[in-house]
Structure formats: structure tokens, C-alpha cells
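Here's the structure we're looking at; comments come further down.
Just so it is clear, none of the values below were taken in a lab; they were calculated from the coordinates. Just so it is clear, the model here is predicted, and its values are computed rather than measured. So basically every Cβ, Gly included, is an ideal-geometry build from the backbone, and we count neighbours across all protein chains shown.
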Amino acid sequence: MASFQIRGGCSLNGEVRIQGSKNAALPMLAACLLSRGETKLYNCPHITDVYNMIKILENMGCSTVFCGDCLTVDTSGNLSGVISMGDGASMRSSIMLMGAVLGRQKYVSLPWPGGCSIGKRPVDLHLKALEQMNVSIRSDHCGLECTTPYLQGKDICLPIPSVGATENVILAAVLARGTTTIHNAAKEPEIVDLCHFLNEMGAQIHGMGTHRITINGVKQLKSISYTVMPDRIVAGTYFAAAAATGGNILAYPVKEKDLRSVLDVFAAMGCGIIIRRDQLQLIAPPLLLPVESICTRPFPGFPTDMQSQLMACLTAARGTSVICENIFEDRFKIVPQLEKMGAKILVNENKAVIRGGCRLTGSCVSAQDLRGGAALVIAGLMAEGDTRVEGSGYIERGYEDICRDFSQLGAGICRL
Ligand code: UD1
């Protein structure tokens, strides 16, 4: 597998453009199946998760063209409801196709979803909600087979505000009979973007961005052109890299309200934040301050997808910080890798105590998941000497070209 070679000790400075959002683009690609025609997604990121989703759609019978940042998906033909083992098992978001494929053709068969190894990641909430909506589900060790005579709108109460389950129910509900109300829905900005996309297609969704989303089923949707929102986690990662290296970067386009909890933490660590419309600038202090305690939570709380990058930054802070991971149980896999570089981190269940103030040293480390991999790149930038981050494929699942972007900001980084 390819790796990244990083020369430590450079601070990141300059301007950087932020790619389209992975977590918005993926469910939108599933949503394309709900219309029969050509949908154009602008600002669609060139990342392997999107390429894998394209492969799944093509194997189902769609045709796609990716030109510049515009991905065109043609869903006008007859499609198969079968997602093959190799396709679906490679990525978590294949589960997102369930609601959309059932909405279109009442039958879907798919393998158990794959993805990053950041925790058990069950799909029980997706399945329970779809069963309530009149879907029969059979499962074995290989995968799932789902059928429905018609989807029926229902009141769905989610015990936890799962992002994926909220999106799957929305995708199933837009063409269902009657009204669906999701109680305790997730409020993430990517869900709001998905709902705007669907409403432009002709769906009737209200309450997105709140804990109660109502979907009035409609007979059909039309194909449209839409621009995917910027990726708040990529922006947050780049800000973390600037903060960790004593840098000063301006990122655009970024929605400040989508990144509020992350910016608040960087501000508490002593960073200056300047907000200008869709541009955000972060100016790092000479020495970062520690954070007393930061807990990952559903939006608008601090995102679990930024936890590893923050941990890398805090190894350089002037004192001890505490991070609590409340969403995914295996998100501390990065700790032994950071320790290899000289970090002092004590993990007790879902709590990590980071003793800051040590200078990391370059080493050969291994990415085990997408965001942890990005955090190791940040650690490499902070370190004295050279670092090799193996497993760049994990990072390329969600970052278009982290080498291009960090090089442009002054880092010494290349892909081997
Ligand atoms: C999405 C994001 C991911 C992000 C996560 C949390 C995408 C493609 N991925 O993942 O980047 O880290 O939200 O913000 O958008 N759970 C269950 N049963 C289920 C579903 C979830 O117990 O059926 C649990 C999970 O194990 C986890 C919690 O609910 O502990 C939240 O997971 P969820 O919000 O569903 O995350 P994803 O949609 O998988």
C-alpha cells in the first residue's frame, strides 16, 4: 500500500480551497436513484469512497461521468437491486442505498456494510426503522435481502440520533405512502444538505437541522443539478494542521456555523479565528494551550471525526488535556502510533489523557482509519525529522489530495 513521506518542522501558511463534503455527497449519490434521469452533482469530491459508490451504482445499471468537479449520474435505465459482495462490503455507505433502492424498486439485496474499523458500527437502527415502514428483511452471515410491496410512512423514534439511520429513513420516506416523522433525528449539516437536495428534486421534507424531521411522501422526484456543501471535517483537519505547526491559514469555502464547536476548541487553545463570509482564517499561537476536557457528541457538539486530529495537536500543548470519545469505541487506535513518535497518552476506556509539551520525533507509523490517518500526517508535520505514514489508502477515502493541499501550504510531503 502507498504511504506518505513527511518532513517535520514546517508551519503551514497560505490559502487553501476546501473540497466538497464526503458525508453529504455519498447519501446524495444514493438519492440519485430516486429519480429517473440525469442528476448533476457539482463540487463532488474526488475521493475513493465516492469512486466506490460510483462503482456500485454502475454495477446496478446506472451510467456516470465525472468531469472536473461535476459528477453526472444517469438513472434512467432498468436497474438491478443487487449490490454485489465486493462492492458493498468495501464501504459503510452502501447501507445508505437500502432506503433509496427500496424507494425506487421495492427490492434490494446487499452484503453487510464495510468501512473504517473505528467500532462495531451496527446497523440495527436502520433495519428496525425500515421494518416499521413495511419492509421485510432476511439476513444471513453474507448479507441482507429486503422487500416491500410499498413503503409506508410511519412515526420513527430513534433511540440515538444516528446520522446514517436518519438518512436511510429520509431516503425511504420521500416516495413512501403518507407521512414519516423521525423523532430524535440527527441534526448534522450533511443531513440538512441532503434534505435541500431532495426538496429541490420535489420531495417534501420539513424540520431538517432539528430533532424532528417530517417527510410527506410524494409520487415522484425529478433530476436536478446541485452543488455539494464544503467538507467541514476536511476544513477542520487543515485548521488542526495549522494550529499544530504554529501556522496561519485561510480556508474557503467554509460555513462557520457548521464548524462552531471545532473553532471554539481551537480558540480555547489560543488560536485566533477570523471569519469573513465563507472564508475562515486560523492563526496559531506560539504555544498551544491544553483543553481541560473535550467530549465528542452528535452535532452541534464536537465531532468524533475531528477527535484524532485534535489529539495530535494536543501532544504539543502546554499541559495536560483530556478527550472523551462518546461515539465510536475504537477511535483511540491511533494512540500507539502517536506513542511511537514520543507522545505521552494514557487511555482508560473512552477517556484519553494527553500529556502535552513533548516534541514528537519522526517515525514510521501506520494509518488504521481515515481520520486517524489524517491525524498521523499532522503528527508528522509537527515532528522533528522525517515520518512515513503507511496506509495512505485510508486517508484517500476522504481527502482528495492531502499532499497537494499541505504542499501548497508549505509542507514537505509526498506520496510514495
Ligand atoms: C456518520 C458519518 C461518520 C461520522 C458519524 C458520526 C457518513 C458517511 N459517516 O457515520 O463520518 O463519524 O456519522 O457523526 O456520514 N449506531 C447503532 N446502530 C445503528 C447505527 C448507529 O448503534 O444502526 C451507533 C453507532 O455505533 C455509533 C452511533 O450510533 O455509536 C452513531 O453512529 P452514526 O451516527 O450512525 O454514524 P454513521 O452514520 O455510521
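General remarks:
- For the pair Thr210 and Lys55, label points projected 7 Å from Cα toward Cβ lie 4.2 nm apart.
- Bridge type composition, the chain - antiparallel percent by DSSP, nearest 5: 70
- Assuming charge only on the beta carbon of Lys and Arg (+1) and of Asp and Glu (-1), the dipole of the chain about its Cα centre is about 380 debye to the nearest 20.
- Note on Lys40: lysines with a C-alpha under 27 Å away, same-chain residues under 8 apart excluded, are Lys22, Lys55, Lys106, Lys187, Lys219, Lys222, Lys255, Lys257.
- Each Lys and Arg contributes +1 and each Asp and Glu -1, all at the Cβ; summed about the Cα centre of the range 22-227, the dipole is approximately 400 debye.
- Å³ per residue enclosed by the Cα convex hull of the range 1-112: 124
- Loop exposure criterion: GluC sites (Glu not before Pro), DSSP state outside H, G, I, E and B, at most 14 other Cβ atoms within 10 Å. Applied to the chain, the longest stretch between such sites is 1-291.
- Shape box of the range 22-227 [Cα atoms, principal axes, largest first, Å]: 40, 38, 34
- In the chain, Cα pairs under 8 Å separated by at least six residues give a relative contact order of 21 percent.
- 5 angstrom amide H check on Gly8, placed H, neighbours 5+ away: Gly385, Asp386, Thr387
- Once divided by 2.2 N^0.38 Å, the Cα radius of gyration of the chain becomes 0.98.
- Within the chain, longest stretch clear of exposed trypsin sites (Lys or Arg not before Pro) (DSSP loop, no more than 12 other Cβ within 10 Å): 278-416
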